[in-house]
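One structure is given below, encoded as structure tokens.
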Amino acid sequence: MAATDNAAEQVAHIAEKIRAGKTTLGIEFGSTRIKAVLIDDNFQTIASGDYSWASHLEDGLWSYTTEEIWGGLQSAYASMANDVETAYGEKLTHVGHIGFSAMMHGYLAFDEAGELLVPFRTWQNTNTSEAHKKLSELFQYNIPERWSIAHLYQAVLNKEEHVSKVAYFTTLAGYVHWKLTGKKVLGVGDAMDKFKAQKKAGELTEEGAKLLDPSGALKPGIVLAPPEGDAGTGMVATNSVRVRTGNVSAGTSIFAMVVLEHKLKALHPEVD
């Protein structure tokens, strides 16, 4: 009986936190799954949901459609919100904070009207070898093939018709954040200019709330963190953000990230 009572008290305690907005929602767009995870103010997982997807070739380049992006986001969110209601008897109407991360880099280019000019080009594409070499030499800093600026410059080198119409380009996380808040920002890991990671980067608009949760239960006004690539969030998740620490990611790609004591003094093409 005591164990049952303790479990009921724990559920009631978490339900109170949910009602009070002492929660944070993190949504990650990975290469094979979109994950939505809700945690409390003690960083304990309350609920989660996911959606499986896969990139496809379009005009010889790896891509996901915008319909997949939004449909997958809504499905993952709905699964998480259903988890909340089933476990704690609470319909999710608000959370304390929201943050988005996604497969790093890639290329989403828009015109002045906000229309997508070419299908989303993911980080998986390596058709940017020429741009990578020329930009790395120009900046004396390795600009990998997958970086967004390499995609843009390769389009310039290829004399692609859409380049003259580009008014704004961003990453997948930046795109989702923009549509939910109306703010065109990026986190420190993706932007060239410094941007404080804890800085408020906009609020969920009424349109954004409906886009995330078409049921209408979620209310606008929730504060969002700057959108980040999955490398930065992986480092935070493994507490590998201090000098002389590092981590290895074994996902769709396998790579290591190491925090150095000093900036590199010269170009190192082998460093991504």
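Please indicate, with yes or no, whether at least one residue in segment 8-17 is without any contact (Cβ under 8 Å) to a residue 40 or more places away in the chain and either crowded, with 18+ Cβ neighbours inside 10 Å or touching a Gly at 6+ places or on another chain (Cβ under 8 Å) (or both).
yes
So that you can scan it fast, the table gives a plain yes or no per residue for (1) within 17 Å of Phe120 (Cα to Cα); (2) at pLDDT below 95; (3) assigned to a loop (DSSP other than H, G, I, E, B):
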position	(1), (2), (3)
Lys194	no, yes, yes
Lys199	no, yes, yes
Lys210	no, no, no
Gly216	no, no, yes
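Going through segment 49-102 one residue at a time, which ones are under 27 Å from Gln124 (Cα atoms), outside any loop (DSSP other than H, G, I, E, B) and polar (S, T, N, Q)?
Correct list: Ser52, Ser63, Thr66, Gln74, Ser75, Ser101.
So which residues in segment 18-43 are closer than 25 Å to Glu203 by Cβ, part of a loop (DSSP other than H, G, I, E, B) and open to solvent by 80 Å² or more (accessible area, probe 1.4 Å)?
Correct list: Lys22, Asn42, Phe43.
Conditions: (1) closer than 21 Å to Phe169 by Cβ; (2) among the aliphatic types (A, V, I, L, M); (3) more than 20 Å from the chain's Cα centre (by Cα); (4) open to solvent by less than 30 Å² (accessible area, probe 1.4 Å). Ala109 meets all but one. Number of the miss?
Failed condition: (3).
Regarding Ser75, is this residue open to solvent by less than 40 Å² (accessible area, probe 1.4 Å), within 17 Å of the chain's Cα centre (by Cα), of a type in the set (S, T, N, Q) and under 30 Å from Ala109 (Cβ atoms)?
no
Taking segment 135-169, which residues are of a type in the set (A, V, I, L, M, F, W, C) and open to solvent by less than 30 Å² (accessible area, probe 1.4 Å)?
Leu135, Ile143, Ala150, Ala155
If Ser253 meets every condition in (1) of a type in the set (Ser, Thr, Tyr); (2) open to solvent by 30 Å² or more (accessible area, probe 1.4 Å); (3) at pLDDT 85 or above apart from one, which number is that one?
(3)
The values are calculated or read from the model by the stated rules, or taken from the named source; none is laboratory data. Quick caveat, the model's predicted, so the values are computed rather than measured. Quick reminder, even Gly has a Cβ in these numbers, built from the backbone with ideal geometry, and neighbours come from all protein chains shown. Keep in mind that these areas ignore ligands, DNA and RNA; they rest on the heavy atoms of the full protein, side chains included. Shrake-Rupley method; radii C 1.70, N 1.55, O 1.52, S 1.80 Å.
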